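The structure appears below as structure tokens.
Read-outs throughout are calculated quantities, based only on the coordinates presented, and are distinct from any laboratory measurement. In this text, all values refer to a predicted model and were calculated from it rather than measured experimentally. In this analysis, Cβ positions are derived from the backbone assuming ideal geometry, glycine residues included, and neighbour counts consider all displayed protein chains.
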Amino acid sequence: MVAVRSAFSPEFINRVDCIITYQPLSLEALSAILDQQIADLQNHVNTRWGTLVRARGTARNPPVLLERGTSAEYGRAN
């Protein structure tokens, strides 16, 4: 709340119903989310194309995707 009060005017703060804070996501949590997203993508492809198209190389790509697709600024823990 100290950071909120220093960044926003009292008039604005009085209009806010609640403030939600969060902890940055761990690498394990982000990895689980990415695994679910890849599985959902494969299921979507299977629904549309059957077995004609298959996601390849996904087992080795998550570390690269996590490194390039996340940042501490937007919620990843370092």
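Return Leu27, Leu34 ranked ascending by Cβ neighbour count within 10 Å, so the fewest neighbours appear first.
Leu27, Leu34
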Would you mind ranking Tyr22, Tyr74 so that the residue whose beta carbon has the fewest other beta carbons within 10 Å leads the list?
Tyr22, Tyr74
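Evaluate E = 1/(1 + (r/R0)^6) for Arg48 and Ser26, where r is the Cβ-Cβ distance and R0 equals 30 Å; express this FRET efficiency to the nearest 0.05.
Rounded to the nearest 0.05, the efficiency is 0.35.
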